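All remarks here apply to the structure that follows.
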Amino acid sequence: MMSSLSSSVTSTRVMVGLQRGESACGTVGGKLENFGGNNMNYIKKIKFFKKILIVLCAVCLCFSCARMDSGGWFFQKADPETALYNDARQKHREQSHGAAYTLYREHAIRYPQSERAPEVLFFLGQVCISLERYGEARQFFQQLITRHPDTALALDAGVEMTEAFYLDGDYRGAIGYAERMLRTDLLAFQVMRVYEVMGKSHLGLEDAPAAYAAFLNAYRSAGKGDIERLTRRLLTAASMIPLPDLRMALELLEGNPPAGDIMYLLGIRYMEEGDYWEAKVFLDRFVETYPRHPYASFARQIIADIPASDLFDKNVVGCLLPLSGRYESFGQQALKGIELALAVFAGSPDAAQLKILVRDSASDTGRTVSGVKELHDLRVAAIIGPMAEAEAAAAEAQDLRIPIVTLTQKVDITDIGEWVFRNFLTPVMQVRALVGHAVKDLKLSRFAILYPRENYGEMFMNLFWDEVIASGGSVVGVESYDPDQTDFSVPIRKLTGMYYEIPEALMITPENPVPIVMIQKEDQTVASEGPIIAQVFSQDSQLPERRWLDPLLDTAMAKESVRDAESVAEKEEKPAPIIDFDAVFIPDAPGKAGLIMPYLAYQDVTDIYLLGTNLWHSERLIQMAGVHSQGAIFPDGFFARSASGDVARFVARFEKTYGYTPGFIEAVSYDTAMMVFNIVSRAEVRSRSQVKKSLLEMAPYPGITGRTAFAENGDAVKDVYLLRISGGRFREVPVRR
């Protein structure tokens, strides 16, 4: 009996203790004598208290299950409006956005005057954003702002409205609404959000500086939890800002956050640009100023990895030229121009003590590539050249990130990369200058083209045709001829509408041979199946006295197949040619052009302009064509007899130094060297990247080959000389610039 009682009392105490939150282990060890032994009254009291405790627990359970929003007694059921609102909120919390939208929408329709109406409109806008229905979201936010302007949620709705514009891709709308919101009395976290949306919108419009400014304002209003995210956004925008602007942005921070991040970014940006000098300057400064910054260890490693060869010697310029091999003569001419430029530059006031390192490309691809590598390792500031094998040199220079100014006509050479430049007379430059003068100054509009069927002729034919069309003119006739051809009657007749089949009686056969015309040259007689030689050359020429025939032309002249003067005179009268063009363009060498010009006159194609390329700048053309070359116009990159004082001084210096009159190669090499020397000697230019940048930003240089600047792709933009043959001499054509 006592054992049973003790067990019952112990169990009761354990239960009470547990219901009060006590430990059962602490109760079992208690002394039973505190209960008064077998005192039955005491046991009854314990049972009574147990019942009371159970009732109280039940009451508490009822309270915990009651709706908090009911506003009434815990047994009272929630009203329909509250129930609908609570159901919508529950679905919203569960991210069941479609169901939440339906319930919120029903609440907004059924209870528009409810105290919860502002909240419902706000939540509807948020749900629509989650459903990517941004236009509808803006409508709900606008309803909230219009109907409940004095509520705290009205400003929140304005902030969300800005976000909805951005998410909908309406970046300008987002920026405009953000600016409107910033004129209201926003809290700090709202200001941060508005500026952040504004920054994202500016990035969407590719306006990195404006995005940086917006993110910086957001950063300044941010709490600790937002700093990391906004720093990333800030650096993203800063990575797109031009380096000069980013440097200014760092100065404006005056050491305040996030100055350390921007300083580190500047170092990285300069590394990416290949400007290792500036990169080292900023990274050294960063490590010294912010030794415990999270990026400090990375900065130290980058500094250690910068090769010494990448820190260039600004007083040394490399030259890579074909001083041996098949292009040796051109390389030697270019070297003379560069040497003279160095001598002239050294004599200028306050000139830096520059020197040039010359390497021979030997007109060989392997030697050219190794020459670029060697000059890079010798820390030259830039490379002038090469002339041949320019494509291989340019590719290597691009890989090594060293500025290279090539002297080549190679098509699209500067497309290899941003470190590749070209200063040379190109076919595009020639055609542009020639057509521009013909259309704008001479007021010509109709053109014919007579070209050889080979690469040079076809390239110039296409360029000329395109430029004429682009200038508002028209090409009314195009004919070609074989490069080995010496009789140009057929293509000329086709141009003038006079081509017809030769009667059989006039065809050349063994029974009807071509007459032989004898040409005497320097005590040597050459038999030629030739044209009317007296007409082809000069009206009053005496053939035996003509000593200007080039030996290379003797064979060509001997192969010409036309009739002699007597046979031509006996032919029936020909119809007049149809000359419906103002000028004819002949992109060929002087040897062929010198033959074609008399043929044009013989076919009665007169009173037109003859247009050519820079190959016509040869005394050989005048000697061959004689009076028929008069008035011919063509472009060139240099004219030693120019009226320019700078050209005259250059020619005088060159002739005094080297004993002959310089040509285009010497002149363009001189100009190229002077441009590079001027840039590398500037105090602010301390890296190869800055050399490249300065070349691109250079104001037009008043060179002896014409004013020269570089386009964004690295190709030269030059003035081109136009020359005319007049009185048996080449004369400069005044051109309106």
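The values are calculated or read from the model by the stated rules, or taken from the named source; none is laboratory data. Here the structure is a predicted model, which means the values were calculated and not measured. Quick reminder, even Gly has a Cβ in these numbers, built from the backbone with ideal geometry, and neighbours come from all protein chains shown.
Restricting attention to region 218-258, the residues being assigned to a helix (DSSP H, G or I) and without any contact (Cβ under 8 Å) to a residue 24 or more places away in the chain number 15. Filtered by the rule that a residue be without any contact (Cβ under 8 Å) to a residue 12 or more places away in the chain and either acidic (Asp, Glu) or closer than 26 Å to Pro403 by Cα (or both), region 284-304 gives Glu288, Ala304. If you go through region 383-421 and keep only what is closer than 18 Å to Leu357 by Cβ, out of contact with any Pro (no Cβ under 7 Å at 6 or more places or on another chain) and of a type in the set (Gly, Ala, Ser), you end up with Gly385, Ala397.
If you go through region 610-633 and pick out every residue that is surrounded by 19 or more Cβ atoms within 10 Å (Cβ to Cβ), of a type outside the set (Val, Ile, Thr) and touching a Lys or Arg at 6+ places or on another chain (Cβ under 8 Å), you end up with 1.
Checking Leu283, Leu250, Leu230 one by one, the residue that is under 26 Å from the mean Cα position of the chain (by Cα) and aliphatic (A, V, I, L, M) is Leu250 and no other. Among the helices (runs of 4 or more DSSP H) confined to region 129-210, the ones with at least 1 residues that are hydroxyl-bearing (Ser, Thr, Tyr) and crowded, with 24+ Cβ neighbours inside 10 Å are located at 152-167, 171-181, 188-204. Taking the numbered list (1) assigned to a helix (DSSP H, G or I); (2) surrounded by fewer than 22 Cβ atoms within 10 Å (Cβ to Cβ) in turn, Gln409 passes all entries but (1). Selection within region 477-493: residues that are more than 38 Å from the chain's Cα centre (by Cα) and over 18 Å from Gly594 (Cβ atoms). The member of this set that is surrounded by the fewest Cβ atoms within 10 Å (Cβ to Cβ) is Val490.
Whenever a residue of region 695-714 is basic (Lys, Arg), its partners that are at pLDDT 95 or above and not in a loop (DSSP other than H, G, I, E, B), lying with C-beta atoms within less than 7 angstrom and at least six residues away or across chains, give the pairs Arg707/Tyr701. The selection criterion, being under 13 Å from Ala673 (Cα atoms), out of contact with any helix residue (DSSP H, G or I) (no Cβ under 6 Å at 6 or more places or on another chain) and either among the β-branched types (Val, Ile, Thr) or modelled with pLDDT of 95 or more (or both), does not hold for Glu328.
So that you can scan it fast, the table gives a plain yes or no per residue for (1) at positive phi; (2) modelled with pLDDT of 95 or more:
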site	(1), (2)
Gly274	yes, no
Asp305	no, no
Asp310	no, no
Lys314	no, no
Leu323	no, yes
Ala352	no, no
Lys355	no, no
Asp360	no, yes
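Would you please list the contacts, defined by Cβ atoms under 7 Å and residues six or more apart or on different chains, that run from a residue in region 272-283 that is outside any helix (DSSP H, G or I) to a residue that is of a type outside the set (Asp, Glu)? From region 272-283, the pairs are Gly274/Arg401; Gly274/Arg688; Gly274/Ser689; Asp275/Ser687; Asp275/Ser689; Asp275/Gln690. If you go through region 434-476 and keep only what is under 12 Å from Ile596 (Cβ atoms) and either touching a His at 6+ places or on another chain (Cβ under 6 Å) or among the charged types (D, E, K, R) (or both), you end up with nothing.
Would you confirm whether or not region 197-213 contains a residue that is of a type in the set (Lys, Arg), at pLDDT 95 or above and either outside the structural domain of Leu235 (by TED's automatic domain parsing) or within 24 Å of the chain's Cα centre (by Cα) (or both)? Yes; the residues of region 197-213 include at least one that is of a type in the set (Lys, Arg), at pLDDT 95 or above and either outside the structural domain of Leu235 (by TED's automatic domain parsing) or within 24 Å of the chain's Cα centre (by Cα) (or both).
Listed by position, the helices (runs of 4 or more DSSP H) contained in region 612-722 that have at least 2 residues being of a type in the set (A, V, I, L, M, F, W, C) and over 30 Å from the mean Cα position of the chain (by Cα) are 619-625, 645-658, 664-680.
Is it the case, given these coordinates, that Ser689 is more than 19 Å from Asp636 (Cβ to Cβ), hydroxyl-bearing (Ser, Thr, Tyr) and buried (at least 16 other Cβ atoms within 10 Å of the Cβ)? Yes, satisfied. Applying the set (1) modelled with pLDDT of 95 or more; (2) in contact with a helix residue (DSSP H, G or I) (Cβ under 8 Å, 6 or more places away or on another chain); (3) not acidic (Asp, Glu) to Arg649 leaves exactly one unmet item: (2). Could you go through region 665-681 and let me know if any residue there is in the same structural domain as Asp399 (by TED's automatic domain parsing), modelled with pLDDT under 95 and farther than 20 Å from Ile338 by Cα. No, that holds for no residue.
When each of Asp607, Asp646 is tested for being within 17 Å of Asp719 (Cβ to Cβ) and surrounded by fewer than 20 Cβ atoms within 10 Å (Cβ to Cβ), the lone residue that passes is Asp646. With the condition kept exactly as written, say whether any residue in region 175-187 is modelled with pLDDT of 95 or more, in the same structural domain as Leu283 (by TED's automatic domain parsing), of a type in the set (Ser, Thr, Tyr) and over 30 Å from His293 (Cβ atoms). For region 175-187, residues modelled with pLDDT of 95 or more, in the same structural domain as Leu283 (by TED's automatic domain parsing), of a type in the set (Ser, Thr, Tyr) and over 30 Å from His293 (Cβ atoms): present. I'd like to check something: does region 349-370 contain any residue that is in a loop (DSSP other than H, G, I, E, B), of a type in the set (Ser, Thr, Tyr) and more than 23 Å from Met459 (Cα to Cα)? The answer is yes, given that some residue of region 349-370 is in a loop (DSSP other than H, G, I, E, B), of a type in the set (Ser, Thr, Tyr) and more than 23 Å from Met459 (Cα to Cα).
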